[in-house]
Amino acid sequence: MKDTKDMKSSNELYSIFIITIFLILCLFLNACSLIPSKEEDSPPGTSPDPAAAKTYSPIVLEDHTSDLYGGTWIASCNEYLPLRQEPSGASKLVGRVLKGDTVQLIAYDSLFAKVNYEGKEGYVMAAYLVPANEESHNKELQIIKAVESYSYEQMTADLQSLADAYPAKLTIDSIGKSELGKDIPIAILGDTSASHHILVHGAIHGREHMTSTLIMSQMEYLLSHKNTKFLESSIKDALNDVCLHLIPMVNPDGVEISQKGQLPDDLISIYEQDLKQKKTGLSLMEYARRWKANANGVDLNRNFDAGWEAYAGAGGASSERYKGQSPSDQSETAALSDYTLRYPFDAAISYHSNGSIIYYEYGIKEPVNSLSKSLAEAVSHITQYPLVGSEGIEAGGFKDWAMDSLGIPSLTIEVGYRQSPLVLDEFSSIYERNKYVLPLTALWAKDRLK
């Protein structure tokens, strides 16, 4: 009997042991199920945030450059365009594209366009090509229309039209006033609470007013083509969590002088002095057309506090290169400087019109110079404008000040080829080459490019 009782007791202890182990195992497994996995960081009972889970692969720009350009273009010249073997004026001549003949655009390269003409590939000057079907080419923009002299009045009317058409996306404000009391409008595309901010401005030089048309056109394209494919996603995706601050015309007074070809009475003495000192041989009207300064004869892009003291320039008020009596002593530069200090800008772009090149460097400070070069290389991939390092030679410019004083990666993008003010024929190729610069800069700011 004792053996039987002992056996029974042993069996009971064994059963209790097994049950205990089972219960411990169940508790352990249940606890594990409450621990979020690597793929799900959300608390139990909630769905994971799709935005938080989304990851991006770097975009390799070299894979996409050839996708951006094409179409049929017409030679707009006096007699013919030289068709060259390489993108150089010294390259071997392989043919002639007669005035009015059509070519198929393949790509851009610096001042040149690679084209196919009657089955032969070569390079012609891009500035002398216009779209074969202008109506089709311009239909993507319903509000902004390129004209020879895009005026301040037209710009302000178009800004209001864009704001009315896209009230949830676009806000119009003013950064201040010009020396003659004109508002300097700014268009804010996106939410000012976004993580990234980009500043873009044009027409800081009066005669470079085609840059106003360009920025306005870029703006409408982004607003009206948000679902358009760009690189590996869409324009909407590229601009997500990015706020664009666009100032199409920093120098409205200088633009008016250039467009009208007429100096105000108090500026005629500047022309007479330059004529007397043989600094110009132009007629009064042509001198006014080529006016770069503001209404006080100050070159606004030599009026910023970056190397200002060392910059010589003109000795007094002039159509260009006079730096003023002190840094930012002009209403326009003071307004632009003040606005630049209001937001933590990831990048700044200044549009000018002289030479189809990109300036990206000022001084030797790091990391701003390396970052500016990185942005310049990205922009160069889609515009095919070559890069030019300043080596600290320039001074007093907005780019110089933004880099040197604020550490903002900044570019000066020079568009066009011919003497400013640029002729209307140049606009279409300028627009095509710069249409995607802003979404590209947004991707760069979010570190999405490789």
>> Contact order normalised by length for region 72-131, with contacts defined as Cα pairs under 8 Å and 6 or more residues apart; what percent is it?
In response: 38
>> Rg/Rh for region 72-131 to two decimals, with Rh computed the Kirkwood way over all alpha-carbon pairs.
In response: 0.90
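With charges set only on the Cβ (+1 for Lys and Arg, -1 for Asp and Glu), what does the dipole of region 87-177 come to about its Cα centre, in debye to the nearest 20? Intermediate values should be presented prior to the final figure.
Details: 9 positive and 12 negative charges, 77 e Å.
Charge dipole of region 87-177: 360 debye, to the nearest 20.
Note down the magnitude of the dipole of region 72-131 about its Cα centre, charges +1 on Lys and Arg C-beta and -1 on Asp and Glu C-beta and zero elsewhere, to the nearest 20 debye. Before the final figure, lay out the partial values.
Numbers: 6 positive and 6 negative charges, 17 e Å.
Using Cβ point charges on Lys, Arg, Asp and Glu, region 72-131 gives about 80 debye.
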> Where does each of His201, His209, His245, His225 land when they are ranked from fewest to most other beta-carbon atoms within 10 angstrom?
Replying inline: His225, His245, His201, His209
>> In region 293-450, if the dipole is taken from +1 on Lys/Arg beta carbons and -1 on Asp/Glu beta carbons about the Cα centre, which of Gly397, Ser328, Phe427 is farthest to the positive end?
In response: Phe427
> So which GluC sites (Glu not before Pro) in region 277-382 are both in a DSSP loop and have at most 16 other Cβ atoms within 10 Å of their Cβ?
Replying inline: Glu309
>> Using only the alpha-carbon atoms of region 93-163 as identical scatterers, what base-10 log of I(q)/I(0) does the Debye formula give at q = 0.14 Å⁻¹?
In response: -0.61
> What is the distance in Å between the Cα centres of region 418-450 and region 345-366?
Replying inline: 13
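Quick one: order Leu223, Leu284, Leu341, Leu300 by neighbouring beta-carbon count within 10 Å, fewest to most.
Values: Leu223 18, Leu284 15, Leu341 10, Leu300 30.
In increasing order of surrounding Cβ atoms, one gets Leu341, Leu284, Leu223, Leu300.
Among Lys260/Lys373; Lys292/Lys435; Lys177/Lys435; Lys236/Lys323; Lys182/Lys399, which pairs are too far apart, with a Cα-Cα distance over 32 Å?
Working: Lys260/Lys373 38 Å; Lys292/Lys435 25 Å; Lys177/Lys435 29 Å; Lys236/Lys323 41 Å; Lys182/Lys399 24 Å.
Violating the 32 Å limit, Cα to Cα: Lys260/Lys373; Lys236/Lys323.
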>> Counting other beta carbons within 10 Å of each residue's own, what order do Thr333, Thr171 fall into, fewest first?
In response: Thr171, Thr333
>> Under a Cβ-only charge scheme (Lys and Arg +1, Asp and Glu -1), can you give me the dipole magnitude of region 131-271 about the Cα centre, in debye to the nearest 20?
In response: 280
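A short reminder: the numbers here are calculations on the coordinates, not readings from a lab. Keep in mind the model is a prediction, meaning the values are calculated, not measured. Glycine gets a Cβ as well: all are built from the backbone with ideal geometry, and neighbour counts include every protein chain shown.
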